[in-house]
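Okay, structure first, notes after.
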Amino acid sequence: MSDKVIFTDGEKLAMREASIIGHEAWDNNSKLSSLKRKIKKNRVLRANNRCCYCGRNQHGEFSMVIDIEHILPKSMFPRYMFTLKNLSTSCKRCNMSIKSNRIDFISNGIKNTSRKVFKSKLYKFVHPNLDEYDSHLLLISHQIGKSVLMKYNVINKSPKGLFTYEYFHLKDLEKDSFDLSQGGRKRKEIINPIARKAFEELITSLYATQ
């Protein structure tokens, strides 16, 4: 899939005006509507209709539930607000509930630097545009009727694959799929790290006795 998107002169002007205003223009400037639709369509195809972080299938989803994701947050890196290498598409869980404006996935020195920032080695997780997702982390999904089981495999002990698995709490998605397949309810994810650790230890001990 090509990274190239053809913008009209009006859309190019809208981008220049938005860049002067700052990152707030992304959500508040109606002139950006058409180009954002183009970007989303291109990035959805670039990501093979999957969330760029958890890898779950988004094929057939309504556009409104798929977010245009700024990998380097536009609030901190406004110069890359329209740079396609910094854009992908993600589910709302990964984008809004987990990553949001965090930058703890980038290496030291990338912030406020003048050197080129689009290098794979500068990112701790699997970068949607600089890395091949399935070479680091493979999502295996098995469906029988309405039951769907999910499992992530870190490929060859990939540091990026492991970081992505932990950063986006992908184990929770595995557990949710297990619970639902057994007729249970989806769990509410635990964000507090201390509570999460205690929960993980409890679940591990319970599964071990089954």
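FYI, it's all coordinate maths here, none of it is from the lab. It should be emphasised that the depicted structure is a prediction, and the values quoted were computed from it without experimental measurement. Here the Cβ positions follow ideal geometry from the backbone for every residue, glycine too, while neighbour counts run over all protein chains shown.
Rounded to the nearest 0.05, what FRET efficiency do H142 and N29 have when you use their Cβ-Cβ distance and R0 = 45 Å?
Numbers: r = 44 Å, r/R0 = 0.98.
Between H142 and N29 the formula returns 0.55.
Rounded to whole Hz and in sequence order, give me ³J(HN,Hα) for the range 5-15 from the Karplus expression 6.51 cos²θ - 1.76 cosθ + 1.60, θ = phi - 60°, writing x for Gly and Pro.
For the range 5-15, the Karplus-derived couplings read 10, 8, 9, 6, 4, x, 5, 5, 5, 4, 5 Hz, x marking Gly and Pro.
Tell me, what HN-Hα J-couplings in whole Hz come from the Karplus equation 6.51 cos²θ - 1.76 cosθ + 1.60 at θ = phi - 60° for each residue of the range 148-163, using x for Gly and Pro?
Karplus values, whole Hz, x for Gly and Pro: 10, 10, 10, 8, 9, 10, 7, 7, 6, 6, 4, x, 5, x, 5, 4.
Strictly over 18 Å apart at the Cα level, which of K40/K74; K38/K160; K36/K116; K85/K124 would you flag in this model? Provide the component values of the computation, followed by the final result.
Details: K40/K74 16 Å; K38/K160 30 Å; K36/K116 25 Å; K85/K124 16 Å.
In this structure, K38/K160; K36/K116 exceed 18 Å between Cα atoms.
What is the set of long-range amide H partners of E69 at a cut-off below 5 Å, with H atoms built 1.01 Å from backbone N?
Counting only residues 5 or more places away or on other chains, the set is S88, T89, S90.
D for the range 23-168, whole µm²/s, Stokes-Einstein with Kirkwood Rh over alpha-carbon pairs at 37 °C and 0.692 mPa s: what number?
Details: Rh = 16.1 Å.
Answer from the Stokes-Einstein relation: 204 µm²/s.
Sorted by packing (mean other beta-carbon atoms within 10 Å per residue), highest first, where do 5-18, 40-53 land?
Values: 5-18: 13.9, 40-53: 19.4.
Taking the mean over residues of other Cβ atoms within 10 Å, the ranking is 40-53, 5-18.
Taking θ = phi - 60°, what integer Hz values does the Karplus form 6.51 cos²θ - 1.76 cosθ + 1.60 yield along the range 96-108, in sequence order, with x for Gly and Pro?
8, 7, 10, 7, 6, 9, 5, 10, 7, 9, 10, 6, 4
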